[in-house]
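Read-outs throughout are calculated quantities, based only on the coordinates presented, and are distinct from any laboratory measurement. Just so it is clear, the structure is predicted and the values come from calculations on it, not from any experiment. Cβ placement follows ideal geometry from the backbone for every residue including glycine, while neighbour counts extend to all protein chains displayed.
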Amino acid sequence: MSHSDQPIPMTSRRSGPLTGIAQVPGDKSISHRALILGALSVGETKITGLLEGQDVLDTAKAMAAFGAKVERHGPGEWTVNGVGVGGFSDPEGVIDCGNSGTGVRLIMGAMATTGITATFSGDASLSRRPMARVTDPLALFGAQITAREGGRLPITIRGAADPLPLTYRTPVASAQIKSAILLAGLNVPGDIVVIEAEATRDHSERMLAGFGARIRTETTEEGHVITLSGRAELTAQPVAVPRDPSSAAFPVAAALIVPGSQIRVPGVSRNPTRDGLYTTLIEMGADITFENQRDEGGEPVADLMVRHSPLKGVSVPADRAASMIDEFPILSVIAAFAEGKTVMNGVAELRVKESDRIDAMARGLEANGVTVEETSDSMTVHGMAKVPGGGTAVTHLDHRIAMSFMVLGLATEQPVSVDDGGPIVTSFPDFMPLMQGLGADLG
Ligand SMILES: O=C(O)C1=C[C@@H](OP(=O)(O)O)[C@@H](O)[C@H](O)C1
Ligand SMILES: C=C(OP(=O)(O)O)C(=O)O
């Protein structure tokens, strides 16, 4: 399933001060993993705060197709009765992962070392994205892969019945590659080692440990070395999903750029591997305080207090990119209102997300009067005192591009439109009512 096939044009307009409490949805990365680990464990996993965005709903459907019992009991409240590691059964029909890179890559990993066969598909955006980065290491376990030209979806995987242990260095900083290998490793006799030069989000490692897998991470001169003992037995666990810092970034950004705003965003994950945007905003001069810092379900969380702030441009170092990889579109919007230029370094991975996010942001910002420079792996946004607006951005089936331009228009001189806001449902279904509730003029 994917979102509506008919484009949904949307427009946002200069707004008065934004105020109130923004209850953003559950973390998307953790929601996918809770469903997948629930399906791979023995017993009943109770999940609260699950993101009910289309990406995650597609993963829930896939887990049911592989034999797990997945049930919804109320908003964000789900249970998964798992089949145990190695217990997946052949699905009927194709596993359609819609718009979700995380969904398809992690699920391919989870089934690649079991003796079943599955075919995966996705929407036009997902079908353009590179999959060899995951299927190459899965083939090293012994899985047989048939992909469309260029290693793209649709892909059929015949799982390895006798999988081999593996040590693998990820070629790019990617939690999806790391997680696919770790999930495949669960059903492999022996140790599975993933080496990543730069740390990426560590939700898989935290949750695998929580479900009883033997997993450890060491920092060596090679980078982060993660070792998982295979043929693991996972035991069902309750999972309380914290609120998503990547979704929180949109109301936070809106409050920073709309004069007079002051909002509270409670219960947001402050996992250090996800915190790069917030580090950057503080450097830019943002008035953000982190209150009631606490631990919830194995993840650090805090309540964010955000006030409108005069900002200055900064240079974001390449080694911070992984910890804010999904936040560059909204950072480029914030940067348009900062004094001076903001340089984003080491962001080549943005070119293979739901869209080429460097290109999509650059063209959309230019259409709204902002000067942007780009290279293959960097983007520079020139801030201005008054951002003209008045343009329409093309979203290319990319939820973060759509939400970023909706935020832009709240502080521009003229309204800002997007050609299609439909993809927003993949990660933040209540984005429009939530923003309207804070006083944003969009629709
Ligand atoms: O593992 C995950 O949950 C994610 C990893 C990141 O992708 P990459 O692994 O491709 O960097 C991120 O962009 C995506 O939104 C979620
Ligand atoms: C890149 C993203 O997601 P995915 O890779 O799961 O499609 C995102 O949500 O910004």
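Points worth noting:
- Once you reduce segment 337-363 and segment 259-314 to the center of their Cα atoms, the two points are 21 Å from each other.
- Relative to one another, the C-alpha centroids of segment 39-100 and segment 395-435 are positioned 28 Å apart.
- Compactness of segment 134-252, expressed as Rg and Dmax over alpha-carbon positions, Å: 15.6, 49
- Our summary gives segment 46-102 a relative contact order of 40 percent, counting only alpha carbon pairs under 8 angstrom and 6 or more residues apart.
- Counted by Cβ distance under 10 Å from Arg152, the other residues give a net charge of +2, where Lys and Arg count +1 and Asp and Glu count -1.
- From its DSSP helices (H runs of at least four residues, each -39,500 (n - 2.57)), the chain gives a residue-normalised ellipticity at 222 nm of -8000 deg cm²/dmol.
- Note on segment 306-429: semi-axes of the ellipsoid equivalent to its C-alpha gyration tensor, largest first and rounded to whole Å, are 19, 19, 13.
- Extension gain, Asp162 to Ala197, is 9.7 nm, computed as 0.36 nm per intervening residue step minus the present C-alpha separation.
- Computed E for Arg14/Thr392 - FRET, C-beta separation, R0 22 angstrom, nearest 0.05: 0.85
- Coarse-grained scattering of segment 28-229 at q = 0.10, 0.13 Å⁻¹, given as base-10 log I(q)/I(0) from a Debye sum over alpha-carbon atoms: -0.36, -0.63
- Pairs of Cα atoms farther than 16 Å apart, segment 255-324, %: 52
- The chain: relative contact order in percent, alpha carbon pairs under 8 Å with at least 6 residues between: 20
- With a Förster radius of 25 Å applied to the C-beta separation of Ala209 and His73, the computed FRET efficiency comes to 0.40.
- Cβ-Cβ FRET estimate between Ala132 and Asn345, R0 fixed at 25 Å, reported to 0.05: 0.45
- Reciprocal mean inverse distance between Cα atoms of segment 72-165 - Kirkwood radius, Å: 13.9
- Along the chain, longest interval not containing exposed GluC sites (Glu not before Pro), exposed being DSSP loop plus at most 15 other Cβ atoms within 10 Å: 234-412
- Near the amide H of Leu311, within less than 5 Å, lie the amide hydrogens of Glu339, all on another chain or at least 5 residues away, with H placed in the peptide plane.
- Built amide H within the under 5 Å cut-off of Gly421, gap 5+: Ile8, Met10
- Rel. contact order, % - alpha carbon contacts under 8 angstrom, at least six apart, segment 228-353: 27
- For the chain, the share of alpha carbon pairs falling in successive 20 Å distance bins from zero is 27, 58, 15, 0 percent.
- The length gained by stretching the chain between Glu296 and Ala64 to full extension, at 0.36 nm per residue less their Cα-Cα distance, is 80.8 nm.
- Counting only DSSP beta bridges with both residues in the chain, the antiparallel share comes to about 75 percent.
- Taking each residue as 0.36 nm, the span from Glu221 to Thr117 lengthens on full extension beyond its C-alpha to C-alpha distance by 33.6 nm.
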